[in-house]
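This report refers to the structure that appears directly beneath it.
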Amino acid sequence: MPPSRQLQRALIVEDLDEPRQWLAELLPEALAGILHVDTAASLAAARLLTQHNSYDLALVDWGLPDGTAESLIHDLAAARPDAEVIVATIHDDDAHVFPALRAGATGYILKSQPRAVVMAQLQGIERGEPALSPSVALRVLKHFHALPHAGYGVNAPDLVAKIDPEPSAALGSDISHLTQREVDVLRLIGKGYSAPEAGRLLGISTHTASSYVRDIYRKLGISSRAEAAMEAVRRGLVA
């Protein structure tokens, strides 16, 4: 099991006052290491904050007054490959879940769940566990079970199209064009380690490890640590 993670600075992007306050109070209680929480009620306000701050954790609602959070999630994940970027919403359908994961979200939780459940999902982050609501985790599993493999039946491609209308290019990719060091980093990501943790284990700097992660994302056509972990498993790098 990967070592516990220390998350200190967080961003909450939520346009409604009550859930924004609820999450702002819940987060430091769930994760004792959180020392500072910034909040924003729109994409524009969130982008102003990200110009001056770097965040270990972000809780982002998908639908905001000035658009969906897709580009914000992508930018947060690209700026900090080791950051936790979690969608916190009330929607758990395919039209919301898969675009969020493709954009780079590392987790997806439902605000409609009981407080204790949300707290438990957030606390799992420090143990290297993805913050996923059960219904969302089930959708992800069904998605990969539906991928066209031998014995899955002739309708598997149709199922993939229904679940994910824009499947990641990584599904058909090979890792032969990765360097050995990139394979080493991908293997550790598949085991649940963040980029800095992988760097320490491999004896390289956090900056170098993050550069490897960006190269892996580019070569495999993926955009999140969750996708990288699943790719590592699918390619046999993780048992």
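The values are calculated or read from the model by the stated rules, or taken from the named source; none is laboratory data. Keep in mind it's a predicted model, so treat the numbers as computed, not measured. Cβ placement follows ideal geometry from the backbone for every residue including glycine, while neighbour counts extend to all protein chains displayed. Each accessible area value is taken on the protein alone, full model and side chains, heavy atoms only, with ligands, DNA and RNA left out. Shrake-Rupley method; radii C 1.70, N 1.55, O 1.52, S 1.80 Å.
You will find that of Gln113, Gln123, the residue that is over 26 Å from Gly190 (Cα atoms) and surrounded by fewer than 23 Cβ atoms within 10 Å (Cβ to Cβ) is Gln113 and no other. Looking at the stretch 5-43 only, could you name the residues that are open to solvent by 60 Å² or more (accessible area, probe 1.4 Å) and more than 24 Å from Ile189 (Cβ to Cβ)? Once the filter is applied, which keeps residues that are open to solvent by 60 Å² or more (accessible area, probe 1.4 Å) and more than 24 Å from Ile189 (Cβ to Cβ), the stretch 5-43 yields Leu16, Asp17, Glu18, Gln21, Trp22, Glu25, Glu29, Ala32, Leu35, His36, Thr39. For Ala58, the requirement of being surrounded by 17 or more Cβ atoms within 10 Å (Cβ to Cβ), modelled with pLDDT of 95 or more and either under 19 Å from the mean Cα position of the chain (by Cα) or of a type in the set (Lys, Arg) (or both) is met.
Among residues of the stretch 114-133 that are of a type in the set (Ser, Thr, Tyr), those with a beta-carbon under 9 Å from a residue that is in a helix (DSSP H, G or I) at least six positions away or on a different chain give the pairs Ser133/Val117; Ser133/Val118; Ser133/Gln121.
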